[in-house]
Number of protein chains: 2
Amino acid sequence: MRTLKSRAVSAALAFLLLATITRPASAQVPKHPLDGLTATEFWAVYDAIKTAGHADARTRYPFITLHEPPKDEVLRWKPGQPFRREALVVVREGPHTFEAIVDVAARKVTSWKEVRDVQPNVIEEEVFGINDDVKANPEWQAAMRRRGITDYDSVICYGTSPGYFGTPEDKQQRVIRVICYDRHGVWEPDGRPIEGLAVQWDANEHKVLRVIDNGIVPVPQGPVNYDIGSVVPRDAPSPLTIQQPQGPGFRVDGHQVSWQKWNFQFRIDRRVGPVISSVRYADGDNLRSILYEASLSEIFVPYMDPSETWYHWTYIDAGEFADGFASALEPGIECPENAVYFEQVFANAHAIPQRRPRAACLFERSSGDIAWRHEGLSGVESRKARELVLRSISVFGNYDYIFDWVFQQNGSIKVEIGATGVDNVKAVTARTAAEDRDGKASAYGRFVGENTVAVDHDHYFSFRLDFDIDGTTNSFVKDKLSVERQPAENPRRSVWVAKPEVARTEEQAKLHMDMAQPAAWRVVNPGVKSPLGYPVGYEIMPGDNAMPLLLPEDYPQRRAGFTDYQLWVTPYRDNERYAAGDYPVQSKGGDGLPAWTSANRPIESTDIVVWYTIGFHHVPRAEDWPVMPTMWHEFALHPVNFFARNPALDLPKQP
Amino acid sequence: MRTLKSRAVSAALAFLLLATITRPASAQVPKHPLDGLTATEFWAVYDAIKTAGHADARTRYPFITLHEPPKDEVLRWKPGQPFRREALVVVREGPHTFEAIVDVAARKVTSWKEVRDVQPNVIEEEVFGINDDVKANPEWQAAMRRRGITDYDSVICYGTSPGYFGTPEDKQQRVIRVICYDRHGVWEPDGRPIEGLAVQWDANEHKVLRVIDNGIVPVPQGPVNYDIGSVVPRDAPSPLTIQQPQGPGFRVDGHQVSWQKWNFQFRIDRRVGPVISSVRYADGDNLRSILYEASLSEIFVPYMDPSETWYHWTYIDAGEFADGFASALEPGIECPENAVYFEQVFANAHAIPQRRPRAACLFERSSGDIAWRHEGLSGVESRKARELVLRSISVFGNYDYIFDWVFQQNGSIKVEIGATGVDNVKAVTARTAAEDRDGKASAYGRFVGENTVAVDHDHYFSFRLDFDIDGTTNSFVKDKLSVERQPAENPRRSVWVAKPEVARTEEQAKLHMDMAQPAAWRVVNPGVKSPLGYPVGYEIMPGDNAMPLLLPEDYPQRRAGFTDYQLWVTPYRDNERYAAGDYPVQSKGGDGLPAWTSANRPIESTDIVVWYTIGFHHVPRAEDWPVMPTMWHEFALHPVNFFARNPALDLPKQP
């Protein structure tokens, strides 16, 4: 069905002009204690550190973020009251790492301490700033000459995190692993690896430690461009637009959002992306608390090729880079026409505030879904559903992750993670699988292009869910489903029964998913009962998931120990935020959840935090090349006896 | 945010008037060998059976459906050529069941055979037609008097399938289990069970076999209405409409659909709903086959209360009723404004054609999803996704199931199943969980209202997926992911590797899902290689799933033996369509997949059918009452080396 392409395009453009509303974060003063730092506040941090005499030309600031006020202070706070503003500043001085707390209003450093035996996150200059230095290295140049590459201008060398494997090199230096591509003739380098070559870079001494050359493989030359100029586009389909002529159905005040009985606040953190806080629901006249705070906590992406230039690819992305969030959203393509956009302000490694336009978008979606329905004796009753989506995209190297926080009219919150981007590929001598007779070239991946093998890998996303169900005194309940045999006289031999078990300590809440031994996971407030006598609660609905297959003694698995279980529960501590620890770069294993829970602390009837990890295995396919179709995974938070009845019962007939 | 409600409503109504386009199935002649029977054809069946002298006043036709032409005939057929039209007719004459094949054009019965030891599906008069007869029974009346119920006019008694438990009663009669409700004062009876009472009805002799009364419980009186007049609706939100001013982006010819390189045909079967057939994809100039046919095959919903009036609730819905599809879709609520609707024609138990308006809808959806994207050195490239949804809703008693077949631009097909409707509840004497001190009232469910316990249960949906990947010679491959230990000198201790294994026989393809031992499931054409040398194929991506916990010796589990495994593969046979067998009413167990696969037939390099079952456990909650928010589950079919590259690469920049 051919359509009038030009008309479609101009209609779409008209919408864009009308609809691209951005809320400028930089112009705002913080309105809520959990709002992100503003530009003014970042400058206050800059001044405070300089004034205190802590900085010189070599000083870098790998990470500056809001230092949240104590939770009880935030819970006591009422709109209009003043509130504390502090920044947590990670300061790197050569091999030394310091943590500073800055009182933003007073423009003062109030705490300054060295943190020993850690490596802060990799900063941009360690990724992109080592290109010229590496290229000047004679050993590297020799490796290039062996490959017949003499023009270095189209070669690009990137630094990346090195993992950790207990070698003397790992232990003694800040190591950056450098890999190079020859992007001659194409827009992006990803499909053009200079295979078999890696450089170990000492990021403190700014020198090459070692050039690793384990064999020459020509740079693949297959088509890898995916821009519109490189592809013959299919006909534009019949225009389909979303219109919301009276504007959005939500209200935004600063970063407070209210929509369809939901109330929440959010900020876009540089390390973990959207941090959703003070999530409450207007149940009648009662604004009831569900979550104090929820966000991504960590990402783990281990690759499965054990060869010398590949084994180290075991990224703990959020913590190792801490600058993945957010990528500017393409208006009208990455969010629908009725979206409202939010700017992000963050500081670079020189502590200078930066602006990122369209770092998040917020939109209502009503795509024909049915909230509920029944056809009974009196005909059909049904209601159309609408949901609210807060979207943000992170980019960690080759992967782009879409994070959607979706609020539903039925009291559920869904978290949807879309994985797209470009597969990590290695160059191989065999042209295709047919030529790879001994299977060695593709033993750890699949051909996605000629001489191009995309390497097998996993993705794990840990979410920190600080539930406050009707207050902070919560417990975690497993509803275990188990078979109940029936007596011989009963025609049925078996049923299953759901038996609730309260987890008393952290050890009892380290949980695996297992279809053969199912359990529902619930956070309840044991002190608040529903009208029918149940403790009010929310369930974590895990969705499709995967678990790591790496051996427990393997360093990558120890370093990302949070993936040992799909679910953990801890008592709330303000300094326990990152599932693989605060400093995963070259971490030796055991940090974060394994360390915190080793004390097996009590978690019953107290303020608790749930950590859920969702993951998937990825065996690449030709369809993932040269750019991957988005693959979605999701989990949901689901009211269980929190409401007295279906909270979507009162949806209007014609929405 | 208050909105102008009246304006919103009239805008919505205007859209409805414009957009509700229905394709009248009854007016059409069949255009494709797999089109459903038309009204003219149903009348031909009616005449043929009558003319052959097979029918008298007691004759019923529990099931009349298209008898598909032999597969090779359909595969050879080209548009414009004549094709065979036959009907399969199940005829019930008292206790005797016959299967007839009718040549529709010749109006002749070409085959007539008795099928012994089976019970055909329950028909409407057995559900709704026994009300007066049961109420006239003195024992039933005595049971009602014991309950203080003297006015029978507001009481409604339903027949339902009895399950099978090997009792003499089960073996000797056609049993209908009757349960009664007192719907006094409310629209729907579901929340008003007359507990502890059941009637065994002999559907051949039309008499009460037995009245079961195991104790008096008052009829619950809590609020159960959910119509708009019984609820104070929330304010209508800001209007949000979908506009497609140039009409849909798909083309429909009869029941052939083409959209965005996809081509398929469909019919709405009375027993299994949407049957999608001849699914092909235009890959360049080549219209490539993916599926010959795909549809739901069976549903299993076992309840978990072992008491005398509850143990039998173990529905094998599709086969036991065979009239669940389809419920008329509410325009503008259950499908978006840009949907096109399709009428369904089927025959009732008297073989008389019936029309069901809006039995299916077809619409494009573009809800802001991102087909693919990457932010690289040259900026962001991304494309907006659009998908095509074919929706149909079945109603089996209390549950409404939404079945969406979703075609995507990236070559994937998703099947999404939404479960909504009204929970099955039992009346209990305890008012709430707080009053249920010994836990007996809610041992097998949860309170959802006062004196109202919704009983725990499962849902399983078996799908029959007759893949024809580039032809009929296909194989099934498990890509098993297993740990590969690394030699001591390697810094990595482990990776996983994906090892393909071809299943040679049915036994090797009976598969459980297990997160600890993951495998990818692929159908390939071993004779057609991708440009990179792999066999072309499609993967079954299972999604979130559950497995039954019932003991293997339990009759319900034996009767729904297809749920013993999540995946089965069989060689194609035209008479193997229903996973629990053709006649699940009072079936004794073992029918369908367990029986067919007992021969352990070869399945390598032949025409194969994949059977996938997706399910979930349901422990009800107050939020599921008095009508359940839709709960979605999904699986997907995903090209793996079927295409040479990402098939969505050529999406236009501005859709």
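The values are calculated or read from the model by the stated rules, or taken from the named source; none is laboratory data. What you are looking at is a predicted structure, and each value in this text was computed from that prediction instead of being measured. Cβ coordinates were reconstructed from backbone atoms using ideal geometry, including for glycine residues, and neighbour counts include every protein chain displayed. Keep in mind that these areas ignore ligands, DNA and RNA; they rest on the heavy atoms of the full protein, side chains included. Shrake-Rupley method; radii C 1.70, N 1.55, O 1.52, S 1.80 Å.
For the reader, a short list of remarks on this structure follows.
- Of the accessible area of the stretch A:31-114, computed with a 1.4 Å probe over protein heavy atoms only, carbon and sulfur atoms account for 53 percent.
- Dipole of the stretch B:187-282 [Lys/Arg +1, Asp/Glu -1 at C-beta], most positive-end residue of B:Pro193, B:Pro220, B:Ile242: B:Ile242
- Cβ-defined net charge surrounding A:Asp133, 12 Å radius [Lys, Arg +1; Asp, Glu -1]: -3
- For the protein assembly as shown, the Rg and Dmax computed from alpha carbons only, in angstrom: 31.7, 105
- Between the C-alpha center of the stretch A:547-565 and that of the stretch B:253-299 there is a gap of 43 Å.
- Taking Cβ atoms as reference points and 10 Å as the exclusive limit, the residues near B:Asp591 contribute a net charge of +2, counting Lys and Arg as +1 and Asp and Glu as -1.
- In chain A, taking the dipole from charged Cβ atoms about the Cα centre, the farthest positive-side position among A:Phe98, A:Ser230, A:Ser482 is held by A:Ser482.
- Each Lys and Arg Cβ is given +1 and each Asp and Glu Cβ -1; about its Cα centre, the stretch A:31-114 then shows a dipole of about 140 debye.
- Label points for A:Gly247 are taken 7 Å from Cα along Cα→Cβ. From this copy to the others they lie 3.8 nm apart, shortest first.
- Label distances, nm, B:Gln517 versus same residue in remaining copies, Cβ-directed 7 Å point: 1.6
- Surface composition of the stretch B:361-454: carbon plus sulfur atoms contribute 41% of the solvent-accessible area (1.4 Å probe, protein chains only, all chains present).
- Cα-centred dipole magnitude for the stretch A:130-192, charges only on beta-carbon of K, R (+1) and D, E (-1), debye, nearest 20: 180
- For the stretch B:31-114, accessible area per residue (1.4 Å probe, heavy atoms of protein chains only), Å²: 47
- The share of accessible area on the stretch A:124-213 that comes from carbon and sulfur is 46 percent, using a 1.4 angstrom probe.
- Cα-based shape type of chain A, given that a ≥ b ≥ c are square roots of the gyration tensor eigenvalues and the cut on a/c is 1.5: rounded
- Spin-label proximity, A:Ile228 to the stretch B:352-395 - amide N less than 12 Å from point 7 Å beyond Cα toward beta carbon: B:381-384
- Across chain A, C-alpha contacts under 8 Å between residues 6 or more apart give a mean separation that, scaled by the residue count, equals a relative contact order of 14 percent.
- Position B:Ser598, label points 7 Å along Cα→Cβ, spacing to each other copy in nm (shortest first, one decimal): 5.8
- With the simple spin-label model, which puts each label point 7 Å out from Cα in the Cβ direction, the B:Gln172 to A:Asp285 separation comes to 6.6 nm.
- With the simple spin-label model, which puts each label point 7 Å out from Cα in the Cβ direction, the B:Glu125 to B:Asp235 separation comes to 5.5 nm.
- Whole-angstrom gap from the stretch A:166-228 to the stretch A:46-125, using each part's C-alpha centre: 33
- Cα gyration tensor shape of the stretch B:124-213, rounded if a/c is under 1.5, else prolate or oblate by comparing a/b with b/c: prolate
- Note on surface exposure: A:His512, B:His54 rank A:His512, B:His54 by accessible area, highest first, 1.4 Å probe.
- About the centre of its Cα atoms, the stretch B:73-139 shows a dipole size close to 780 debye [charges on the beta carbon of Lys, Arg (+1) and Asp, Glu (-1) only; nearest 20 debye].
- The stretch A:124-213, accessible area per residue, ligands and nucleic acids excluded (1.4 Å, Å²): 41
- Span from the the stretch B:458-527 Cα centroid across to the the stretch B:303-318 one, whole angstrom: 35
- Cut-off under 5 Å, modelled amide H: who pairs with A:Trp625 long-range: B:Asn646
- Linear extension gain, A:Gln486 paired with A:Arg504, 0.36 nm per residue minus alpha-carbon span: 3.4 nm
- The stretch B:452-530 shape via C-alpha gyration tensor axes, a/c threshold 1.5: oblate
- Taking trypsin sites (Lys or Arg not before Pro) across the stretch B:496-555, the ones in a DSSP loop with at most 15 further Cβ atoms lying within 10 angstrom of their Cβ are B:Arg504.
- Extension gain (nm, one decimal) between B:Arg146 and B:Lys588, 0.36 nm per residue minus Cα-Cα: 155.6 nm
- Accessible surface buried upon B-A contact (total; probe 1.4 Å; Å², nearest 100): 14900
- Which of A:Asn545, A:Ile402, A:Ala142, positive extreme of dipole for the protein assembly as shown (C-beta unit charges): A:Ile402
- The order of B:Arg485, A:Arg492, A:Arg234 by accessible area, most exposed first and with a 1.4 Å probe, is B:Arg485, A:Arg234, A:Arg492.
- With K and R counted +1 and D and E -1, the other residues having a Cβ less than 15 Å from that of A:Phe447 yield a net charge of -3.
- Histogrammed with a bin width of 10 Å, the alpha carbon distances of the stretch B:191-307 distribute as 9, 17, 18, 22, 18, 14, 2, 0 percent, first bin at zero.
- FRET efficiency, 1/(1 + (r/R0)^6) with R0 60 Å, evaluated for A:Ala57 and B:Gln221 via beta carbons: 0.15
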